[in-house]
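Let me begin by presenting the structure, written as structure tokens, before commenting on it.
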Amino acid sequence: MLHETRRFPPPAELAADANVKADAYDEAATDRLGFWERAADRLDWTQRWDTTLEWNPPFAKWFIGGKLNVAYNCVDRHVEAGRGDKIAYYWEGEPGDTREITYGDLLTEVSKAANALTELGVGKGDRVAIYMPMIPELPIAMLACARIGAIHSVVFGGFSADALRGRINDGTAKLVITADGGYRRGAPNALKPTVDEAVVDCPSIEKVLVVRRTGQEVDTHDRDVWWHEIVDRQSEVHKPEPHDAEDPLFILYTSGTTAKPKGILHTTGGYLTQVAWTHNAVFDLKPDTDVYWCSADIGWVTGHSYIVYGPLANGATSVMYEGTPDSPHRGRWWEVIQKYGVTIFYTAPTAIRTFMKWGQDIPAQFDLSSLRILGSVGEPINPEAYVWYREHIGGDRCPVVDTWWQTETGSIMISPLPGVAEGKPGAAMRPLPGITADVVDDQAVSVPNGGGGFLVIREPWPSMLRTIWGDDERYKDTYWSRFEGMYFPGDGAKRDEDGDLWLLGRVDDVMLVSGHNISTTEVESALVSHPKVAEAAVVGALDPVTGQAIVAFTILRGDVEGGDELVKELRDHVAKTLGPIAKPRQIHVVAELPKTRSGKIMRRLLRDIADNRSLGDVSTLTDSSVMQLIAAQLPTAKSED
Ligand code: ATP
Ligand code: MG
């Protein structure tokens, strides 16, 4: 229903010099496995594979017989190639303290940490839970696990003791690596007490390894070991053993937007192949000149793939920032970009919409002229946010790449290539070379251009999840049962007249109003295209007349005041933009929306509120008080014709 005509061709220079050009699509279409073999050859293998793909649906194995060490590929090989002095991370602590970590430093630190893990009795195949702030010891701990073949399970540092305990027990981890705390919003934020509370009921945990970051006082227990006491005295030499391409690399739990989080299992060879290839292609990374920054937290998949494994495999120089965007002031991110001369910036629509709400005069105070490419991930980016991002952050010259993927896919699957595609605000465009994505109807038939339906992936890809940890049945049910022989990610999509893809949000969120399927994403985009609206979340509430009725929750921009007049204006605006069928029954003006820790709106909770049900699982919510706040606001915010 949404009509978007703005187009942004790639800058000529970028197009001419792009790492990956249009011919890659044909190359991969002609010989998909050959294409992925060449991508795998960008890595260093101790032993080359003999079979590229073994596909026993829905179980895939890639690069069978191949052996490699992920940490060696991310660290040692760059040092051996003479780039030991190159910066791997410019780390910026929230209070303003900084560390520069070269590839040489990383090799030393990862080797010592790997030796320490071995001393602590951690070996190949053991699970290690990591619950840390955004400090350099976090990627170091992950790489140390990868190096020895232990399986890391990173749990976002803001989760509760319950959430941490559940994940530790699901993976039966032997060790937790944590810190006394980290800095958030200008203050030390303790982590260790949460770990202490969690591990009381974690029988598999033998030790807790603690990094000192804030100097906060911590309770000590027999199981505790200080990082500086054990890691610092280790040898700086550690020989990386080759691991099988199908040995597990990590477990990561999905963000829990739709249901109970799932422990997604990734393996080494295929995962590293595709994260490295996509990081090089989608961000057009020039490792000698670019300074790359992904603002995500390493606790979710974007951080795993595009702060740790992809950039390091490619020998990139990255920025890593510990804290929140508003600390000590709302221009902190732009200050970081100015300070380090960031050229590639990757963030989420939720952050962009927050910056829109704070106002464009904030980024305008900083020199952002180093930027050349902008990325977006996590949710559909509505056209207004895309254009704002391009204009106010990208100086109207940087292409925006909207990257669709999931914890399960491991790497980016659908995205424009910045030197190839003409950007369309709101569209994720085409599947990347080597990926066969399609949009099908409920009979599994491809929809024509102009049609909408279910996004599916037709062929296995190297960085696909191998299963849900310990639950092959749930793996089959969740992803492979809806459409025979196809991977179903749970998202809806449409294919426009040019054949380009637009993500429409989760199919569970699609509303059925008087017999019409209406996507929450489109109504949200229409609301955010109104100059007074900063954010919107839309759900279908039970309605005796129309089956479902559209209920919207909106956050207003800057100093805009709510009220009945505005609500009417917004309802009319949606009706005018999308048609009268999409006019919301109610619009509630709220101060906050319920979001997961990765910044995604939890529509299922808003649906519970709209239908007056008791709330479902809230364990992955950033701030559970938000739900009470919204519920308390409802009666007064109600407006009906
Ligand atoms: P759970 O599966 O537990 O409900 P989740 O799906 O939020 O959690 P993630 O794997 O972090 O966990 O998120 C992946 C989902 O995020 C995708 O399935 C999609 O719905 C959404 N998404 C990510 N990137 C984009 C994008 N560029 N455009 C549209 N949607 C996106
Ligand atoms: Mg999901």
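The values are calculated or read from the model by the stated rules, or taken from the named source; none is laboratory data. Everything numeric here is computed off the predicted structure, so don't read it as measured data. All Cβ positions, even for glycine, are placed from backbone atoms using ideal geometry, and neighbour counts span all protein chains on display. To get the accessible areas, we keep the full protein, side chains included, count just its heavy atoms, and leave off ligands, DNA and RNA. Shrake-Rupley method; radii C 1.70, N 1.55, O 1.52, S 1.80 Å.
Key figures for this structure:
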item	result
Environment charge at G453 (Cβ cut-off 10 Å; Lys +1, Arg +1, Asp -1, Glu -1)	-1
Cα-based equivalent ellipsoid, the stretch 246-379: semi-axes from gyration tensor eigenvalues, Å	27, 20, 11
Extension gain from D219 to S204, taking 0.36 nm per residue of separation minus the Cα-Cα distance	3.4 nm
The stretch 514-639 - share of DSSP beta bridges that are antiparallel (%, nearest 5)	75 percent
The stretch 514-639, Cα convex hull volume normalised per residue, Å³	108 Å³
Cleavage-rule hits, chymotrypsin sites (Phe, Trp or Tyr not before Pro), the stretch 434-500, DSSP coil, Cβ neighbours within 10 Å at most 15	none
Percent accessible area from carbon and sulfur atoms, the chain, protein chains only, probe 1.4 Å	47 percent
Translational diffusion coefficient (Stokes-Einstein; Kirkwood radius from C-alpha pairs) of the chain at 10 °C, 1.306 mPa s, in µm²/s	63 µm²/s
Mean ellipticity per residue at 222 nm, deg cm²/dmol - from DSSP H runs of n ≥ 4 across the chain, formula -39500 (n - 2.57)	-7500 deg cm²/dmol
T267, T577, ranked by accessible area, largest first (probe 1.4 Å)	T577, T267
For the chain, share of DSSP beta bridges that run antiparallel, in % to the nearest 5	60 percent
Inter-label distance for R212 and D361, nm, one decimal - labels placed 7 Å from Cα along Cα-to-Cβ	4.5 nm
Relative contact order of the stretch 77-169, defined on C-alpha pairs under 8 angstrom at six or more residues apart (%)	22 percent
Hydrodynamic radius by Kirkwood, which averages 1/r over all alpha carbon pairs of the stretch 166-280, in angstrom	17.0 Å
Inter-part distance where the stretch 400-474 and the stretch 335-350 are each reduced to a Cα centre, Å	26 Å
Gap separating the Cα centres of the stretch 533-551 and the stretch 1-25, nearest whole Å	36 Å
Farthest toward positive dipole pole in the chain [+1 Lys/Arg, -1 Asp/Glu at C-beta], among I135, P531, A351	P531
Label-point separation, D508 to D471 (7 Å along Cα→Cβ), nm	1.2 nm
FRET efficiency estimate (nearest 0.05) - Cβ-Cβ, V545 to S369, R0 60 angstrom	0.65
Qualifying trypsin sites (Lys or Arg not before Pro) for the stretch 61-131 [loop in DSSP, other Cβ within 10 Å: at most 16]	K124
Estimated FRET transfer efficiency when R0 is 30 angstrom, pair E54-N449 (beta carbons, to 0.05)	0.30
Per-pair calculated FRET efficiency, R0 = 41 Å: L629 and W226 via Cβ, rounded to 0.05	0.55
Inter-probe distance in nm under a simple model that places probes 7 Å from Cα toward Cβ, at S327 and D17	3.7 nm
Taking the stretch 12-493 and dividing mean pair separation by its residue count, relative contact order in percent (alpha carbons under 8 Å, at least six apart)	16 percent
The stretch 12-493 - charge dipole about Cα centre, Lys and Arg +1 at Cβ, Asp and Glu -1, debye rounded to 20	120 debye
Span from the the stretch 264-307 Cα centroid across to the the stretch 53-126 one, whole angstrom	13 Å
HN-Hα J in Hz across the stretch 479-486 - Karplus 6.51, -1.76, 1.60, θ = phi - 60°, x for Gly and Pro	10, 10, 9, 5, 10, 3, x, 10
Residues of the stretch 514-639: accessible area per residue with a 1.4 Å probe, Å²	41 Å²
